[in-house]
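Notes follow once the structure below has been shown.
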Amino acid sequence: MKLSVKDAAELMGVTPKTIYRWIQESDLPAYRIEGQYRLNKMLLLEWARAKRINVAAPILEETPGGPVTKLSDALRNGGIFYRIGGHDRESVLRAVVEMLRLPESVDREFVYQALLARERLQSTGLGGGVAVPHVRNPLVLDVETPGVTLCFLDKPVDFAALDGQPVQVLFTLVSPSVRAHLYLLSRLSFCLQDPKFKAALQRQAIREDIMDEIVRIETSFPGADPSQASRP
């Protein structure tokens with residue numbers, strides 16, 4: 001959902017003048033389209049929380065999500081790519097956005113700016129050379145099914161991760177609902193604790209091996225049916 005300054009002001013319970021001041025002085029994530037500022041609802045909420053600014057009730061409303069998608073299926077939707085170029089965080093994110101399997105109706109420049117704004121607000125580097133750049137408000141992307149895109153960088157890049165290690169593995173989440181996003185993020189976080197899966201990432205294993213590891217781990221999720229573990 002793309003917000004105008006007026007929309008953002010109404011959601012935050014402030015004046016448009018305050019929104020402009022936040023953009024100019026407090027790094028409120030925003031971008032320009034034909035000379036007009038546009039904002040992302042979820043990034044606005046995250047920024048407000050980081051700045052400890054009280055928000056009006058309407059911004060906390062979330063659109064209900066549809067049925068959840070397994071991480072393995074989401075990764076099949078998003079794809080696995082190797083030797084992605086880039087010498088810094090900005091150029092890497094630009095390259096990753098070009099790899100994303102998005103409908104033609106989606107503005108890739110907007111996706112790039114949203115990912116970059118999120119990184120500037122708070123690094124998505126998880127440590128161990130892995131980052132999970134993602135857009136928290138999937139409604140902006142207008143996609144029907146969740147996708148997780150795995151990109152292996154040609155060279156490690158500094159993502160300001162907490163452990164100080166450069167990043168060479170990026171998972172990018174694109175979801176049709178906040179519920180789906182959080183579900184996939186929790187599953188991915190679980191997988192990243194698995195030694196065999198981490199080893200596969202470190203050696204940049206082939207696609208089939210990575211998918212096998214995820215399917216294996218999925219069978220251990222609560223409520224999972226091992227008989228349903230299968231590859232395409």
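A Cβ distance below 6 Å, combined with a sequence gap of six or more or placement on separate chains, defines the contacts here; from the stretch 159-170, residues that are at pLDDT 95 or above reach no residue that is among the polar types (S, T, N, Q) and not in a loop (DSSP other than H, G, I, E, B).
If you go through the stretch 189-222 one residue at a time, how many are at pLDDT below 90 and part of a helix (DSSP H, G or I)? So the count comes out to 2. For the stretch 1-19, the criterion of a residue being surrounded by fewer than 17 Cβ atoms within 10 Å (Cβ to Cβ), part of a strand (DSSP E or B) and modelled with pLDDT under 80 is satisfied by at least one position. On inspection, GLU144 does not qualify as free of Cβ contacts under 8 Å to residues at least 12 places away in the same chain and surrounded by fewer than 17 Cβ atoms within 10 Å (Cβ to Cβ).
Every test in (1) under 16 Å from LEU150 (Cβ atoms); (2) at pLDDT below 85 is passed by VAL97 save one, and that test is (2).
Cβ-Cβ contacts under 7 Å between residues 6 or more apart (or on different chains), taken from a first residue in the stretch 175-193 that is more than 12 Å from VAL132 (Cβ to Cβ) to a second residue that is surrounded by fewer than 22 Cβ atoms within 10 Å (Cβ to Cβ) and among the acidic types (Asp, Glu), are listed as PRO176/GLU144; VAL178/GLU62. Checking the structure you have, find out if any residue of the stretch 76-93 is surrounded by fewer than 14 Cβ atoms within 10 Å (Cβ to Cβ) and at pLDDT below 90. No, every residue in the stretch 76-93 fails to be surrounded by fewer than 14 Cβ atoms within 10 Å (Cβ to Cβ) and at pLDDT below 90.
Every residue, every condition in (1) modelled with pLDDT of 70 or more; (2) surrounded by 16 or more Cβ atoms within 10 Å (Cβ to Cβ); (3) within 30 Å of ASP212 (Cα to Cα); (4) not assigned by TED's automatic domain parsing to the domain that holds GLU218, yes or no:
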position: ILE23; (1), (2), (3), (4): yes, yes, no, yes
position: ASP27; (1), (2), (3), (4): yes, no, no, yes
position: ALA30; (1), (2), (3), (4): yes, yes, no, yes
position: GLU34; (1), (2), (3), (4): yes, no, no, yes
position: LEU39; (1), (2), (3), (4): yes, yes, no, yes
position: LEU45; (1), (2), (3), (4): no, yes, no, yes
position: GLY66; (1), (2), (3), (4): no, no, yes, yes
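The values are calculated or read from the model by the stated rules, or taken from the named source; none is laboratory data. Model, not experiment: these values are computed from the prediction. Methodologically, a virtual Cβ is constructed for each residue, glycine included, from the backbone with ideal geometry; neighbour enumeration extends over all protein chains shown.
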